[in-house]
Structures are given as C-alpha cells and as structure tokens.
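Here the structure comes first, spelled out in structure tokens, and everything after it is commentary.
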C-alpha cells in the first residue's frame, strides 16, 4: 500500500467536526477504497479549549490556518474556515504556494479569487477541489468539470439556497406569510439571525458565479449578477401561481444568449408538473442543459454538516486515489489561463414570459388601459384575468397578467406606464417565468 | 503538451458514430481541456463498406474488435459492440491483458463478467470506465464510485429503462392500453421489434446488478434478481393508482436488509407528488440513499446516441486528463478483490406496502371474505374500497386494497387464499408501493 495521505483541516465547526469523525470512524474502509490511508495530522480552529467531542490526540494543533498551511507536513490542506478573504484566503494561497493540494467548501473565496487560485494551483501541479462549495452534497462540480467534458452548455439553473426554498415551500403548504416562515426557519436553524445574505439572493449568486465558469468556460464574475430576493413574495403570488399551474422558486440561472451570458437570481415561476417544482424544503436542485448530453438534473441536500462533509470527503478521496503530485483535472473545467473573458448580457435584454400582479381600484376602463399599455410595448398576452380568490365587490381588485415570451425592457416600460396611471393601489409585482 | 491519447473504437453504430463525430469536431477544445489531444487511430465495425457519413481517412481499420485490441497501438480501447459474451468480451480481455485502458457502454458484459474484468484491470494498472452502461448520460457511476466514497448506501432505486417509462407515461396521459403504447414506442424507435428484454425488466436488472455492486461493495450478481415486467399493467391500475395519489413506474430497487441485499425490478407505486413521479417519457432517474450524504437523485436521458456518447466521452476525458499508466479509481468503487460475497435477501421476506386490485362477482360477503383473508395473514389494511370508476350495477366489481407495510410472504398467502374462493373473475393484480 502507498504512503498515507496526510491532511490538515482548518476549521472545526459543524462540517469540520463531522469530517474528523467520519475520517476516524471509517479509516480502515477508506484505506481499502482509496488504496492508502487518509491521516489527519494537523488541525486549526479558533478556540482550542472548546469541547467538540472529538479525539484530537496525536494531531498537531496550529493557531492559525495560515500557520498550518505554511508549516505542516501535509499533502492536502482542507479549508473549512469560510469568508471571501482574510484567514481562509491567506491560508489557501500559502498552501498552493507550497504545491499542497487544497480542498475547500468556500464559495465566497472561489467567487472572488477562484481564477487566480486556479492559475496558482495549475502552475504548482496542485489540485484544488471544491465540490462542497455549491449545492452541498450534490456532485454538480464533478458533473460539470468531468462528466460533461466536450459538451457545450447552453443553460444552467437551480435551487441553490435551502433557506429560501424552505420558506417558499412552507408559505405554499401552510398559507403563511413570508415573515412567519422566515421566523420558523430561524427557529429551526435554517436561517441566520441576519438572513439577508440568503433571502436577498447573494448566497445563490456566489454559487451561480462558480457554476457559470464551469459551464461556459468564462472567468468568474460574481459582481453585478442580477439579484432579486424573495422577501416581497406574498401568499397571493403563490396562490395565483398555483391557479395558473406554476410554483414559485428562487432560481439562479445562467444562460448563453447572443449578447453574452445572462446571470440572474430571482423568484421564478416553474410549471407545477416539472421535476424541479417538486423540490421541497431545504433540498437543492441543479439542472444543466448541454448539446450532447441533453438535460441533466440533480437533486439533493444543499447544506448541513454531514452532507457538506460528504462532498469534502469525496474531494479528499479523489486525491487519495491519485498519486501525489499528479495534476489531473483542470480546477475550473479547462486550464485557468484559457478561460475566456466574461461577457455579460444586459438584464433588460432578457427574454421570457412574465407574471404580473396588479392591485387596482375597482373602476371601469382599467382592463382596457392595462391591455393598451401592454400592446403599446408589443407585449403579447397569454392571459389577463381578474383574480377571483381575492375579489371583494367595490374594493381593490387583483388583476393577473401572463405574457408570452417578451423582452424585459418592454415589461419595464409597460409597468412604468401603468404605474403612471392613477388606478394602482400598490406596487406591481413582476415575476419571471422560466421554461423548464 | 503531453503526447496525444490514442484511442481505438470498436463498434460504429449510433453511439460509435456520434462519438467519432464529436471527437473530430471538437478536437481542439478537447485538447485544451484535457491537456492533450485525443486521437482516433483505429476503428473496427462489422461492415466496412457501409456509409456512416464519417471521415475515417487515416484511421486504421480492423476487421474484428479483438484484432484491434491485440494489435493496435492504442492507449484506450472503446468497446461499443455490445453483448454479454462473444466479440466484446474477447476484445476487452485482450485489451486489458495488454494493460490498455477500456471504456465500455456494455451493461450485459459487466453484469456477467464485471468482477473478473475489474480484477484484470487492477492487476494491469489499467482503467475500466463504464459510465454509459447505466442510465445513459446520467453520471451515476461517477457519483457512486467517486463522490460517495466513505458513505454507506442503504438503498438505490430508479427508472432505468426509457422504453417502459415511455409506455407507462403514454398510458396514463392518453388513457391507452399497454399494447397500443408499445406499438407507438416501436414506431418511434424507442422499443425493439422484440421488446421482451426491455418490458420484462431484464435490461433494468442488468443495470441494477452493476449499481448494487458499486453501492454495497458486493460482487455482481445479475442472476435471480426478482423480475416483474410491465406487460400486465392495465389502464385500470394506472387510474386506480392516480385516484390513490400514486403513479406507476417500473423501478429497479436494491436495498440492504438484515437478511441480505434485496434486488428487485417491478412495477411500483410512487407518490404522485414525489420528484421521481414527474420523470416522464424516455427519461431515466436514479436515487441513492446513503448515511452521510443523505438522498441524492439524478434525472437525465437514459439512452440515445448522443447522450450515451457524452458519457463515453467523459470516461475517455478522465483518462486523457490523468497520466498514462496511473491507476486512480477502483473499477467497482473499491478494489475488486475486496468485494464481499453477495448475500441475497429472499423476495418473500420483502417488506412494504401493497396495492391489490381484485375483480370480483357482485355478491354479498365478498368484502368480508377479502378482509378476513387479509386479517388471517396479519396484514393491516390502509383501505379497502370498491373502485367507482369501473363499477356497473350487477356486473363484476373492482375492489382495491392498500396495505400498510407488510411481508411479501403474507401477501402471497392471502392472495392465494382469496384465489381459492370462487368470487374472483380474473387474476388478482398486486403492485408494490415504494417509499420515496
């Protein structure tokens, strides 16, 4: 049997602790499967005195991840610290500079510095694996950078934030408000005390940035992704969606168009009978459309200590099964230096169907006015209906429009024109419809 | 750049032709992605004179796959011939004997000789990749043998035959008979002229045998898998399933139980609102339940020249990205010599819910008699109803039973007892319910 693979783990939170436990409990079978033992020889975490219920006897403790990356005699540096910059970044750079393989679950780091780190890794002949960074236990990174080699991807989309999907699922199933469901998600530990990063779509955007690069061979660009969160989705939207045969999901979508790559995160109507519409609760799902394979969809746990640790373990095992120093798979699907410049399509040129919900005063001519504003912007309507569930005689009326495929720009102009009329009672709701 | 990877392709049918075309059209980008060129230097197919629309200039033609495997100066032998034995087997053995890597799409070959071939490959330091052998373009082999390393799998199940899923989908959507839908599948080229291998479940069983080995680390055992096809599923079953909140799918299921591994292929009721229930037409889906990752589901094209070629290409690219002669991944998930003996659970000890449809004469006491037979076998009923869709006064009545989890043995005894009564008009229909 070959020499053991010596690893150092930085970060002993939920994922790190779970990983240590699995590596220790299953060391014998892992040694058989991988052809050599995987040995934890170094760890680093913020608080040395905290009782994590782990047996760390014989493992060298380092006070900082960077220190471990610079000094420990390891083959693999496992980064579970988190954060786009700071300690995690310094440590990963230090490890790669020594030619040490890196396994990380850090989406923020990759979204910000991924291309640079990939270039470093490839120059040093080191591997940089990051299956856990996107959609937890779903092996979407491996699928994109290995299985789909040779395919041209046209679109990738998915449910990549469990918190948002939990809230939307609960709103629909129990008829509760966004606020009530958010509170429940916080109580269950699915949402942070400050939930903005999840519910405003930033978390999904980081993951989408990484997937976009793997799918299209472009440099990573996490800034300026079009972002709309779920905080203004109401129970009325969800019910109207259901009546029309749709369900609302927060999707991250990256799509190749003639004018560049569209990257957007927003609440999205998907057909009720589609596979992705059935993805409930904290579960994630990612779909990839490519020209040779066709459409591939993967569904699984997007977060959680064990699911994430499983992805990290898979990355470590890939290194253990290879021989040390052998560069196998380009970090970002193709050599980092060959990644193309990112060309972003403008959001206003997005084409698709739209759902528009208007709350209007109950007076004659409103339907005609709305239909006229749409027609003036060359928007073809699939339907315009007064939503019966919320109709009260004489009170405000809800009107739901569904358009055929049209341009975002036209929708914005039409909605602006409608807002300039005096019959709107509150802000119009606009939700994009995605073909699935 | 490293030396090019020289491949020989045996079999130029739909998949082989598609593969040649992709490798030629995308040679430049593949060379960049893989770090070296992939060059077709040899081919073999039955009929040399046939016009396949391929440019084979400069490629050496071999009259038999075995000849190519023995003589061609190739790094990778791509086997797209098919068949459990014969030409394909001889050629693969010859290639492995020379230490040449093998990529194959041949499920029958692997189901029969997989362990032996894996031992050969590992002894010679050759890779044996077979992503295309199960569920076409879905990267389930890679997920099991790489991503899930360290996980203990408890159950794997899926829709692995597009022909059957197409027929069942069409029966439900259009209310047509099995026979009518089979004819349509044959017209569209989804089903063979002799469809028995697909519709009786043998094809699914081959795939299940391979997945079972990867999931549980046991030797491959394709013989004696419990088999029930879809040819006796009627439109009444499908309607009754729908009324009860289920949909019927032909599933292959492998499950670890206390008495061994259960392996079964049969029509199965899955909940209408489950993700797998939405998998329509020729699409395949495979779900894996494991203790660290949790549940992972993959959905995608299970057949077709391009989807299969995509999986073959991914396997070739994995070899191209590695360095020649480097053994990386154990062929069957762990070293073939360490695979455990297969211990099969008896089908009569299977536990689960059951749907039973009885057509009975319209006379008093039938309900009571059926309920009594069930009770005598300790079968707890969830419901027993007269199915209203097909009820005609005085004519035969349809009675539908749904049981709580119970033993297959008890069901068989109860059904036998009921058959010995004289009120049955025709054979009882028994369909298993699967938790998803």
If each label sits 7 angstrom from Cα along the C-beta direction, how far apart, in nm, is residue A:340 from its counterparts in the other copies? 5.0
The simple spin-label model distance between residue A:47 and residue B:73, using points 7 Å out along Cα→Cβ, in nm, is 6.6
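Report the gain in length on full extension from residue A:224 to residue A:259: 0.36 nm times residue separation, minus Cα-Cα distance, nm rounded to one decimal.
Details: separation 35, 0.36 × 35 = 12.60 nm, distance 1.62 nm.
Stretched fully, the residue A:224-residue A:259 segment lengthens by 11.0 nm.
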Identify the residues of region A:55-85 with backbone N under 11 Å of a label point that sits 7 angstrom from the Cα of residue A:4 along the Cα-to-Cβ direction, or state none. A:58-59
From the Cα gyration tensor of the protein assembly as shown, with a ≥ b ≥ c the square roots of its eigenvalues, which class applies: rounded if a/c is under 1.5, or else prolate if a/b is larger than b/c, or else oblate? rounded
Rounded to one decimal in nm, the spacing of the 7 Å Cα→Cβ label points at residue B:60 and residue A:412 is 6.2
For chain B, longest principal axis from Cα atoms; helix B:162-174 axis from its Cα atoms; angle between them, nearest 10 degrees, is 40
Most fluctuating residue of A:92, A:402, A:312 in a GNM of chain A with Cα springs under 10 Å: which is it? A:402
Can you list, shortest first in nanometers, how far residue B:196 lies from the same residue in the other copies, with each label 7 Å from Cα toward Cβ? 6.9
Tell me, A:255, B:387 in order of fewest to most beta-carbon neighbours within 10 Å? B:387, A:255
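For residue A:29 and residue A:427 in one chain, what is 0.36 nm times their gap in residues minus the Cα-Cα distance, to one decimal in nm? Present the calculation step by step, with values, prior to reporting the outcome.
On the way: separation 398, 0.36 × 398 = 143.28 nm, distance 5.93 nm.
Gain in length upon complete extension: 137.3 nm.
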Got a sec? How would A:207, B:337 order by Cβ neighbour count within 10 Å, fewest to most? B:337, A:207
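How would you rank A:34, A:164, going from fewest to most other Cβ atoms within 10 Å of each one's own Cβ? Write out the running numbers ahead of the final one.
On the way: A:34 26, A:164 31.
In order of increasing Cβ crowding within 10 Å: A:34, A:164.
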Put a label point 7 Å from Cα along the Cβ direction on residue B:32, then list its distances to the equivalent points in the other copies in nm, shortest first. 4.5
Can you give the angle from 0 to 90° between the axis of helix B:202-216 and the longest principal axis of chain B, with both taken from C-alpha atoms, to the nearest 10? 70
Selected from A:165, A:202, A:151 as most flexible by GNM, with chain A as the system and alpha-carbon contacts under 10 Å: A:151
With the 8 Å Cα cutoff and a minimum separation of six or more residues, chain A has a relative contact order in percent of 16
GNM result for chain A, Cα springs below 10 Å: residue of A:319, A:225, A:418 fluctuating most strongly: A:418
Please work out the FRET efficiency for the pair residue A:368 and residue A:84, using the Cβ-Cβ distance as r and a Förster radius of 51 Å; give the result to the nearest 0.05. 0.50
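Taking 0.36 nm per residue of separation and subtracting the Cα-Cα distance, what length does fully extending residue B:340 through residue B:272 add? Before the final figure, lay out each step's value.
Details: separation 68, 0.36 × 68 = 24.48 nm, distance 3.70 nm.
Between residue B:340 and residue B:272, full extension yields 20.8 nm more.
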So how far apart, in nm, are the two label points at residue B:382 and residue A:123 if each is 7 Å from Cα heading toward Cβ? 6.1
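Each reported figure results from applying straightforward, stated rules to the coordinates on display, with no laboratory input. These numbers come from a predicted model, not from an experiment. As a convention, Cβ positions derive from the backbone with ideal geometry for all residues, glycine included, and neighbour counts pool all protein chains shown.
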